[in-house]
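The values are calculated or read from the model by the stated rules, or taken from the named source; none is laboratory data. What you are looking at is a predicted structure, and each value in this text was computed from that prediction instead of being measured. A quick note on method: Cβ atoms are made from the backbone with ideal geometry, for glycine too, and the neighbour counts reach across all protein chains shown. Note: accessible area is taken over every heavy atom of the protein model, side chains too, but ligands, DNA and RNA are not part of it. Shrake-Rupley method; radii C 1.70, N 1.55, O 1.52, S 1.80 Å.
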Amino acid sequence: MDKKIKIAVIGCGGISNCHLGGYSRNPSVEIYAMCDINRARAEEKAAKYGVPPERVFDDKDKMFAALPEVDAVSVCTWNNAHAECTIAALNAGKDVLCEKPMAMNAAEAEAMKAAAEKSGRLLMIGFVRRHGNDAKVVKDFIDNGYFGSIYYAKAQYLRRNGNPGGWFGDKSRSGGGPLIDLGVHVIDLVRYLVGNPKPVSAYGATYRKLGNRPDVKGSMAYVSADAKDKDQEVCDVEDLASALIRFDNGMTLSVEASFSLNLKSDVGNIEIFGDKAGAKMDPELHLFTNLNGYMANVDFADRTSLSFDGLFDKEINHYVDCLLGKAQCIAPAEDGVTLMKILDAIYKSAATGHEVLIG
Ligand SMILES: NC(=O)c1ccc[n+]([C@@H]2O[C@H](COP(=O)([O-])OP(=O)(O)OC[C@H]3O[C@@H](n4cnc5c(N)ncnc54)[C@H](O)[C@@H]3O)[C@@H](O)[C@H]2O)c1
(Lines give C-alpha, C1' and ligand atoms only; values in the text may rest on other atoms or scores of the structure.)
Protein backbone atom coordinates (compact mmCIF):
# COMPACT_ATOMS: atom_id res chain seq x y z
CA MET A 1 0.00 0.00 0.00
CA ASP A 2 1.17 3.55 -0.78
CA LYS A 3 2.56 5.70 2.03
CA LYS A 4 -0.14 7.77 3.75
CA ILE A 5 0.00 11.56 3.87
CA LYS A 6 0.87 12.65 7.43
CA ILE A 7 -1.43 15.48 8.50
CA ALA A 8 -1.00 17.91 11.40
CA VAL A 9 -3.87 20.13 12.54
CA ILE A 10 -3.01 23.54 14.03
CA GLY A 11 -5.91 24.99 16.04
CA CYS A 12 -8.10 22.31 17.59
CA GLY A 13 -11.35 24.21 18.23
CA GLY A 14 -14.75 24.11 16.54
CA ILE A 15 -13.93 23.95 12.83
CA SER A 16 -11.09 21.46 13.30
CA ASN A 17 -13.82 18.87 13.90
CA CYS A 18 -14.88 19.25 10.26
CA HIS A 19 -11.29 18.88 8.98
CA LEU A 20 -10.55 15.93 11.25
CA GLY A 21 -13.80 14.21 10.31
CA GLY A 22 -12.88 14.56 6.64
CA TYR A 23 -9.33 13.30 7.14
CA SER A 24 -10.53 10.34 9.22
CA ARG A 25 -12.70 9.20 6.31
CA ASN A 26 -9.97 9.63 3.66
CA PRO A 27 -7.95 6.42 3.22
CA SER A 28 -4.87 8.26 1.84
CA VAL A 29 -4.32 10.20 5.07
CA GLU A 30 -2.95 9.60 8.56
CA ILE A 31 -3.98 12.12 11.24
CA TYR A 32 -0.48 12.45 12.67
CA ALA A 33 -0.12 15.45 15.01
CA MET A 34 -2.16 18.08 16.87
CA CYS A 35 -1.21 21.59 17.94
CA ASP A 36 -3.11 24.22 19.90
CA ILE A 37 -1.93 26.98 22.23
CA ASN A 38 -4.72 25.60 24.45
CA ARG A 39 -3.02 22.25 25.04
CA ALA A 40 -6.10 20.62 26.53
CA ARG A 41 -7.95 21.06 23.24
CA ALA A 42 -5.11 19.46 21.28
CA GLU A 43 -4.99 16.58 23.77
CA GLU A 44 -8.73 16.03 23.52
CA LYS A 45 -8.62 15.81 19.70
CA ALA A 46 -5.50 13.63 19.85
CA ALA A 47 -7.28 11.15 22.13
CA LYS A 48 -10.30 11.09 19.85
CA TYR A 49 -8.28 10.44 16.67
CA GLY A 50 -5.63 8.12 18.10
CA VAL A 51 -2.68 10.53 17.99
CA PRO A 52 -0.09 9.57 20.66
CA PRO A 53 0.78 12.14 23.40
CA GLU A 54 4.32 12.67 22.04
CA ARG A 55 2.77 14.15 18.89
CA VAL A 56 0.68 16.76 20.74
CA PHE A 57 2.06 20.32 20.85
CA ASP A 58 1.18 23.78 22.10
CA ASP A 59 3.66 25.48 19.77
CA LYS A 60 3.74 25.01 15.99
CA ASP A 61 7.49 25.72 15.71
CA LYS A 62 8.29 22.99 18.24
CA MET A 63 6.02 20.64 16.31
CA PHE A 64 7.75 21.29 12.98
CA ALA A 65 11.19 20.91 14.62
CA ALA A 66 10.22 17.63 16.31
CA LEU A 67 8.27 16.09 13.42
CA PRO A 68 9.98 16.78 10.07
CA GLU A 69 8.03 13.84 8.61
CA VAL A 70 4.71 15.77 8.69
CA ASP A 71 3.63 16.25 5.05
CA ALA A 72 0.74 18.70 5.24
CA VAL A 73 -1.30 20.77 7.67
CA SER A 74 -4.71 22.29 8.24
CA VAL A 75 -4.60 25.74 9.82
CA CYS A 76 -7.79 26.11 11.90
CA THR A 77 -6.74 28.86 14.32
CA TRP A 78 -8.23 32.26 15.04
CA ASN A 79 -7.79 34.56 12.04
CA ASN A 80 -4.87 36.46 13.61
CA ALA A 81 -2.73 33.30 13.61
CA HIS A 82 -3.46 32.16 10.02
CA ALA A 83 -0.49 34.01 8.52
CA GLU A 84 2.13 33.04 11.11
CA CYS A 85 1.07 29.38 11.21
CA THR A 86 0.75 29.07 7.43
CA ILE A 87 4.10 30.73 6.73
CA ALA A 88 5.83 28.60 9.37
CA ALA A 89 4.36 25.44 7.81
CA LEU A 90 5.32 26.45 4.27
CA ASN A 91 8.84 27.37 5.38
CA ALA A 92 9.08 23.92 6.98
CA GLY A 93 8.18 22.40 3.59
CA LYS A 94 4.55 21.45 4.34
CA ASP A 95 1.49 21.89 2.15
CA VAL A 96 -1.25 23.96 3.79
CA LEU A 97 -5.04 24.12 3.84
CA CYS A 98 -5.80 27.41 5.63
CA GLU A 99 -9.30 28.23 6.87
CA LYS A 100 -11.15 31.30 5.64
CA PRO A 101 -10.65 34.22 5.83
CA MET A 102 -7.13 33.72 4.48
CA ALA A 103 -5.72 36.35 6.87
CA MET A 104 -6.41 39.56 8.79
CA ASN A 105 -5.72 41.69 5.69
CA ALA A 106 -4.29 41.62 2.16
CA ALA A 107 -0.71 42.36 3.28
CA GLU A 108 -0.64 39.19 5.38
CA ALA A 109 -2.29 37.23 2.57
CA GLU A 110 0.34 38.42 0.08
CA ALA A 111 3.10 37.28 2.45
CA MET A 112 1.47 33.85 2.72
CA LYS A 113 1.21 33.53 -1.06
CA ALA A 114 4.86 34.58 -1.44
CA ALA A 115 5.89 31.93 1.11
CA ALA A 116 3.98 29.29 -0.86
CA GLU A 117 5.66 30.31 -4.11
CA LYS A 118 9.09 30.30 -2.46
CA SER A 119 8.58 26.87 -0.92
CA GLY A 120 6.88 25.34 -3.96
CA ARG A 121 4.20 23.88 -1.67
CA LEU A 122 0.42 24.10 -2.09
CA LEU A 123 -1.51 26.77 -0.21
CA MET A 124 -5.24 26.09 -0.49
CA ILE A 125 -7.84 28.35 1.15
CA GLY A 126 -10.86 26.87 2.95
CA PHE A 127 -13.52 28.44 0.74
CA VAL A 128 -15.85 25.59 1.56
CA ARG A 129 -18.83 26.98 -0.37
CA ARG A 130 -16.89 26.38 -3.61
CA HIS A 131 -17.34 22.65 -2.89
CA GLY A 132 -21.11 22.85 -2.33
CA ASN A 133 -23.64 20.83 -4.32
CA ASP A 134 -25.53 24.09 -5.01
CA ALA A 135 -22.41 25.78 -6.40
CA LYS A 136 -21.87 22.84 -8.75
CA VAL A 137 -25.33 23.19 -10.32
CA VAL A 138 -25.16 26.98 -10.72
CA LYS A 139 -21.63 26.82 -12.10
CA ASP A 140 -22.74 24.20 -14.59
CA PHE A 141 -25.45 26.57 -15.91
CA ILE A 142 -23.08 29.56 -15.95
CA ASP A 143 -20.33 27.65 -17.75
CA ASN A 144 -22.87 26.57 -20.39
CA GLY A 145 -23.83 30.21 -21.02
CA TYR A 146 -27.40 29.84 -19.74
CA PHE A 147 -27.45 33.28 -18.07
CA GLY A 148 -25.76 35.12 -20.94
CA SER A 149 -23.69 38.06 -19.73
CA ILE A 150 -23.93 38.33 -15.92
CA TYR A 151 -23.86 42.00 -14.94
CA TYR A 152 -25.30 42.15 -11.41
CA ALA A 153 -25.32 39.89 -8.34
CA LYS A 154 -26.54 40.05 -4.75
CA ALA A 155 -25.12 38.18 -1.77
CA GLN A 156 -26.66 38.29 1.70
CA TYR A 157 -25.56 36.46 4.84
CA LEU A 158 -27.63 38.01 7.60
CA ARG A 159 -28.07 36.83 11.18
CA ARG A 160 -30.63 38.41 13.47
CA ASN A 161 -28.89 37.40 16.70
CA GLY A 162 -25.79 35.48 15.69
CA ASN A 163 -22.68 37.07 17.14
CA PRO A 164 -20.68 33.97 18.13
CA GLY A 165 -18.86 35.92 20.85
CA GLY A 166 -15.36 35.07 22.06
CA TRP A 167 -12.61 35.83 19.55
CA PHE A 168 -15.16 36.50 16.77
CA GLY A 169 -16.07 39.80 18.44
CA ASP A 170 -12.46 40.69 19.30
CA LYS A 171 -11.04 42.61 16.35
CA SER A 172 -7.44 41.96 17.41
CA ARG A 173 -8.01 38.24 16.81
CA SER A 174 -10.68 38.28 14.08
CA GLY A 175 -9.77 41.32 11.96
CA GLY A 176 -13.45 42.31 11.84
CA GLY A 177 -17.02 41.14 12.26
CA PRO A 178 -19.60 39.60 9.91
CA LEU A 179 -17.94 40.98 6.78
CA ILE A 180 -14.69 39.06 7.29
CA ASP A 181 -16.42 36.05 8.90
CA LEU A 182 -19.60 35.58 6.82
CA GLY A 183 -19.35 38.01 3.92
CA VAL A 184 -16.13 36.31 2.85
CA HIS A 185 -18.08 33.09 2.10
CA VAL A 186 -20.68 34.66 -0.17
CA ILE A 187 -18.44 37.21 -1.89
CA ASP A 188 -16.05 34.40 -2.74
CA LEU A 189 -18.86 32.10 -3.88
CA VAL A 190 -20.25 34.67 -6.32
CA ARG A 191 -16.78 35.50 -7.61
CA TYR A 192 -16.01 31.79 -8.11
CA LEU A 193 -19.33 31.09 -9.85
CA VAL A 194 -18.91 33.89 -12.37
CA GLY A 195 -15.30 33.01 -13.24
CA ASN A 196 -13.15 34.94 -10.73
CA PRO A 197 -13.34 38.46 -12.23
CA LYS A 198 -10.85 41.02 -10.91
CA PRO A 199 -12.31 43.53 -8.43
CA VAL A 200 -11.65 47.18 -9.31
CA SER A 201 -13.36 49.11 -6.50
CA ALA A 202 -15.60 48.88 -3.45
CA TYR A 203 -17.94 51.24 -1.67
CA GLY A 204 -19.07 50.11 1.75
CA ALA A 205 -20.55 50.99 5.11
CA THR A 206 -20.27 49.23 8.45
CA TYR A 207 -22.29 49.75 11.62
CA ARG A 208 -21.72 48.87 15.26
CA LYS A 209 -25.08 49.54 16.85
CA LEU A 210 -26.23 46.34 18.57
CA GLY A 211 -23.06 44.51 19.67
CA ASN A 212 -23.37 40.95 20.95
CA ARG A 213 -26.61 41.77 22.77
CA PRO A 214 -26.08 39.82 26.03
CA ASP A 215 -29.51 41.01 27.21
CA VAL A 216 -31.42 39.47 24.27
CA LYS A 217 -32.72 35.93 24.54
CA GLY A 218 -33.19 33.95 21.36
CA SER A 219 -31.61 31.64 18.87
CA MET A 220 -27.88 31.90 18.37
CA ALA A 221 -26.49 30.64 15.08
CA TYR A 222 -23.07 29.61 16.39
CA VAL A 223 -21.39 30.10 19.75
CA SER A 224 -17.62 30.27 19.88
CA ALA A 225 -15.80 27.86 22.17
CA ASP A 226 -14.24 30.74 24.08
CA ALA A 227 -17.45 32.78 24.54
CA LYS A 228 -17.93 32.23 28.26
CA ASP A 229 -19.25 35.43 29.70
CA LYS A 230 -21.00 37.63 27.18
CA ASP A 231 -21.23 40.50 29.66
CA GLN A 232 -17.47 40.68 30.05
CA GLU A 233 -16.09 39.93 26.64
CA VAL A 234 -14.72 42.34 24.07
CA CYS A 235 -17.00 43.24 21.18
CA ASP A 236 -15.37 45.87 18.99
CA VAL A 237 -16.33 44.58 15.52
CA GLU A 238 -19.12 45.79 13.22
CA ASP A 239 -22.49 44.07 13.48
CA LEU A 240 -23.60 44.98 9.93
CA ALA A 241 -21.67 45.57 6.73
CA SER A 242 -23.04 46.47 3.31
CA ALA A 243 -21.07 47.12 0.14
CA LEU A 244 -21.10 47.42 -3.61
CA ILE A 245 -18.12 45.80 -5.35
CA ARG A 246 -17.29 46.59 -8.98
CA PHE A 247 -15.40 44.10 -11.18
CA ASP A 248 -13.33 44.52 -14.34
CA ASN A 249 -15.95 42.69 -16.46
CA GLY A 250 -18.50 45.41 -15.58
CA MET A 251 -20.37 43.27 -13.03
CA THR A 252 -21.32 44.77 -9.68
CA LEU A 253 -22.00 42.73 -6.54
CA SER A 254 -24.12 44.02 -3.68
CA VAL A 255 -23.25 42.41 -0.33
CA GLU A 256 -24.84 42.46 3.13
CA ALA A 257 -23.54 40.59 6.17
CA SER A 258 -24.63 40.82 9.80
CA PHE A 259 -24.10 39.23 13.22
CA SER A 260 -26.92 41.31 14.73
CA LEU A 261 -29.73 43.02 12.87
CA ASN A 262 -33.37 43.74 13.62
CA LEU A 263 -34.75 41.67 10.74
CA LYS A 264 -37.47 39.00 10.76
CA SER A 265 -35.26 35.96 10.30
CA ASP A 266 -31.78 34.96 9.15
CA VAL A 267 -31.07 35.22 5.42
CA GLY A 268 -28.63 33.29 3.24
CA ASN A 269 -29.29 34.47 -0.28
CA ILE A 270 -27.37 34.64 -3.54
CA GLU A 271 -28.88 36.14 -6.70
CA ILE A 272 -27.29 36.33 -10.13
CA PHE A 273 -28.65 38.42 -12.99
CA GLY A 274 -27.65 37.88 -16.62
CA ASP A 275 -29.08 39.22 -19.89
CA LYS A 276 -30.57 35.80 -20.73
CA ALA A 277 -31.62 34.52 -17.29
CA GLY A 278 -31.32 35.03 -13.56
CA ALA A 279 -30.96 32.75 -10.53
CA LYS A 280 -31.78 32.80 -6.84
CA MET A 281 -30.19 30.38 -4.36
CA ASP A 282 -32.53 30.80 -1.39
CA PRO A 283 -32.03 28.03 -0.33
CA GLU A 284 -33.37 25.98 -3.27
CA LEU A 285 -32.24 27.12 -6.70
CA HIS A 286 -34.77 28.95 -8.90
CA LEU A 287 -34.09 30.19 -12.43
CA PHE A 288 -35.89 33.08 -14.15
CA THR A 289 -35.95 33.32 -17.92
CA ASN A 290 -38.15 33.54 -21.02
CA LEU A 291 -39.62 30.33 -22.44
CA ASN A 292 -41.31 30.40 -25.83
CA GLY A 293 -41.78 34.17 -25.44
CA TYR A 294 -43.24 34.01 -21.92
CA MET A 295 -41.63 34.94 -18.62
CA ALA A 296 -41.03 31.65 -16.85
CA ASN A 297 -39.70 30.38 -13.53
CA VAL A 298 -37.77 27.13 -13.46
CA ASP A 299 -37.65 24.84 -10.40
CA PHE A 300 -35.68 21.63 -10.07
CA ALA A 301 -37.03 18.15 -9.51
CA ASP A 302 -34.08 17.21 -7.29
CA ARG A 303 -32.89 19.02 -4.19
CA THR A 304 -30.58 21.93 -5.01
CA SER A 305 -30.19 23.62 -1.59
CA LEU A 306 -26.79 23.56 0.06
CA SER A 307 -26.29 20.31 1.93
CA PHE A 308 -23.86 20.41 4.86
CA ASP A 309 -23.81 16.64 4.83
CA GLY A 310 -20.36 15.79 3.49
CA LEU A 311 -19.56 19.39 2.52
CA PHE A 312 -16.27 19.56 4.42
CA ASP A 313 -15.39 16.03 3.31
CA LYS A 314 -15.53 17.29 -0.28
CA GLU A 315 -13.12 20.10 0.59
CA ILE A 316 -10.75 17.77 2.46
CA ASN A 317 -10.90 15.14 -0.29
CA HIS A 318 -10.10 17.82 -2.86
CA TYR A 319 -7.10 18.98 -0.79
CA VAL A 320 -5.84 15.39 -0.53
CA ASP A 321 -6.38 14.84 -4.28
CA CYS A 322 -4.32 17.99 -4.94
CA LEU A 323 -1.54 16.65 -2.69
CA LEU A 324 -1.62 13.35 -4.58
CA GLY A 325 -1.39 15.18 -7.92
CA LYS A 326 -4.87 13.97 -8.90
CA ALA A 327 -6.56 17.41 -9.02
CA GLN A 328 -5.83 21.07 -9.73
CA CYS A 329 -6.66 23.24 -6.69
CA ILE A 330 -9.97 25.13 -7.14
CA ALA A 331 -9.31 27.48 -4.18
CA PRO A 332 -5.72 28.69 -4.59
CA ALA A 333 -3.91 31.35 -2.55
CA GLU A 334 -4.35 34.01 -5.24
CA ASP A 335 -8.14 33.91 -4.75
CA GLY A 336 -7.63 34.33 -1.01
CA VAL A 337 -5.44 37.39 -1.65
CA THR A 338 -8.09 38.87 -3.98
CA LEU A 339 -10.78 38.36 -1.32
CA MET A 340 -8.65 40.07 1.31
CA LYS A 341 -8.12 43.03 -1.06
CA ILE A 342 -11.90 43.32 -1.44
CA LEU A 343 -12.47 43.16 2.34
CA ASP A 344 -9.69 45.70 3.01
CA ALA A 345 -11.28 48.06 0.46
CA ILE A 346 -14.75 47.72 2.01
CA TYR A 347 -13.43 48.43 5.52
CA LYS A 348 -11.41 51.39 4.20
CA SER A 349 -14.43 52.73 2.32
CA ALA A 350 -16.56 52.39 5.45
CA ALA A 351 -13.95 54.35 7.43
CA THR A 352 -13.50 57.11 4.85
CA GLY A 353 -16.99 57.32 3.33
CA HIS A 354 -15.53 57.08 -0.19
CA GLU A 355 -15.23 54.47 -2.93
CA VAL A 356 -11.86 52.69 -2.69
CA LEU A 357 -9.96 51.52 -5.78
CA ILE A 358 -8.52 48.00 -5.64
CA GLY A 359 -5.06 47.66 -7.24
N1 LIG B 1 -15.39 27.28 6.78
C2 LIG B 1 -16.32 27.57 7.68
O3 LIG B 1 -17.53 27.50 7.41
C4 LIG B 1 -15.88 28.01 9.06
C5 LIG B 1 -16.75 27.89 10.14
C6 LIG B 1 -16.27 28.29 11.41
C7 LIG B 1 -14.99 28.80 11.54
N8 LIG B 1 -14.18 28.91 10.45
C9 LIG B 1 -12.81 29.47 10.56
O10 LIG B 1 -12.02 28.54 11.29
C11 LIG B 1 -11.09 29.24 12.12
C12 LIG B 1 -11.26 28.77 13.57
O13 LIG B 1 -12.58 29.01 13.99
P14 LIG B 1 -13.23 28.15 15.18
O15 LIG B 1 -14.67 28.44 15.18
O16 LIG B 1 -12.77 26.74 15.08
O17 LIG B 1 -12.56 28.84 16.46
P18 LIG B 1 -12.24 28.16 17.88
O19 LIG B 1 -11.98 29.27 18.82
O20 LIG B 1 -13.27 27.15 18.20
O21 LIG B 1 -10.86 27.36 17.60
C22 LIG B 1 -9.67 28.02 17.24
C23 LIG B 1 -8.52 27.37 18.01
O24 LIG B 1 -7.29 27.94 17.55
C25 LIG B 1 -6.40 27.95 18.65
N26 LIG B 1 -5.29 28.87 18.36
C27 LIG B 1 -5.31 30.22 18.30
N28 LIG B 1 -4.08 30.68 17.97
C29 LIG B 1 -3.29 29.61 17.80
C30 LIG B 1 -1.91 29.44 17.43
N31 LIG B 1 -1.11 30.48 17.17
N32 LIG B 1 -1.41 28.18 17.36
C33 LIG B 1 -2.20 27.11 17.64
N34 LIG B 1 -3.52 27.20 17.98
C35 LIG B 1 -4.05 28.45 18.05
C36 LIG B 1 -7.29 28.38 19.82
O37 LIG B 1 -6.73 28.05 21.07
C38 LIG B 1 -8.57 27.59 19.52
O39 LIG B 1 -8.60 26.33 20.19
C40 LIG B 1 -11.36 30.72 11.91
O41 LIG B 1 -10.47 31.25 10.97
C42 LIG B 1 -12.78 30.76 11.34
O43 LIG B 1 -13.02 31.87 10.49
C44 LIG B 1 -14.59 28.51 9.23
(request) Provide the solvent-accessible area of residue 352, counting protein heavy atoms only and rolling a 1.4 Å probe, rounded to the nearest 10 Å². (result) 70 Å²
(request) Given the options 62, 264, 198, state which has the largest fluctuation in a GNM of the chain using a 10 Å cut-off (strictly under) for Cα springs. (result) 264
(message) Around residue 60, under 12 Å between beta carbons, what's the net of Lys plus Arg minus Asp minus Glu among the other residues?
(response) -3
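For region 247-359, what is the accessible area per residue in Å² when the probe is 1.4 Å?
Using a 1.4 Å probe on heavy atoms only, each residue of region 247-359 averages 52 Å².
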(request) Translational diffusion coefficient, Stokes-Einstein: compute it for the chain using the Kirkwood radius over C-alpha pairs as Rh, at 4 °C and 1.567 mPa s, and state it as an integer in µm² s⁻¹. (result) 61 µm²/s
(message) Only four residue types carry charge here, +1 at the Cβ of Lys and Arg and -1 at the Cβ of Asp and Glu. Report the dipole size of the chain about the Cα centre in Debye, rounded to the nearest 20.
(response) 140 debye
(message) As a test of reading the structure, rank 44, 256 by solvent-accessible area (1.4 Å probe, protein chains only), most first.
(response) 44, 256
(request) Please report, as a whole percent, how much of the solvent-accessible surface of the chain comes from carbon and sulfur atoms (probe radius 1.4 Å). (result) 50 percent
(message) Quick check on the chain: of the DSSP beta bridges with both residues there, what percent are antiparallel, nearest 5%?
(response) 60 percent
(message) Along the Cα→Cβ direction, 7 angstrom out, place labels at residue 351 and residue 290. What is the inter-label distance in nm?
(response) 4.8 nm
(request) Please give, to one decimal in nm, the separation of the simple spin-label points placed at residue 114 and residue 266, each 7 Å out from Cα toward the Cβ. (result) 3.9 nm
(request) Using only Cα atoms, tell me the angle between helix 311-323 and the longest principal axis of the chain; keep it within 0 to 90° and round to the nearest 10. (result) 60 degrees
(request) Tally the DSSP beta bridges in region 135-265 and give the antiparallel ones as a percent, rounded to 5. (result) 70 percent
(request) Mind grabbing the accessible area of residue 206 for me, 1.4 Å probe, Å², rounded to tens? (result) 50 Å²
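Below 12 angstrom from the Cβ of residue 108, what's the summed charge of the other residues (Lys, Arg +1; Asp, Glu -1)? Could the numbers behind the result be given before it?
Numbers: positive: 113, 341; negative: 84, 110, 344.
Result for the neighbourhood of residue 108: -1.
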(request) Report the net charge of residues surrounding residue 25, where surrounding means a beta-carbon distance below 12 angstrom and charges are Lys +1, Arg +1, Asp -1, Glu -1. (result) 0
(request) Calculate how steeply helix 39-49 sits against the longest principal axis of the alpha-carbon atoms of the chain, using the helix alpha-carbon long axis, and give the answer as 0 to 90 degrees to the nearest 10. (result) 90 degrees
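Report the Stokes-Einstein translational diffusion coefficient (µm² s⁻¹, integer) for region 260-359, Rh taken as the Kirkwood radius over Cα pairs, at 25 °C with viscosity 0.890 mPa s.
Details: Rh = 17.9 Å.
Rounded to a whole number, D works out at 137 µm²/s.
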(request) Any chance you could give the angle, 0 to 90 degrees and rounded to 10, that helix 333-352 forms with the longest Cα principal axis of the chain? (result) 60 degrees
(request) Keeping all protein chains in position, work out how much accessible area residue 236 exposes to a 1.4 Å probe, and write it in Å² to the nearest 10. (result) 60 Å²
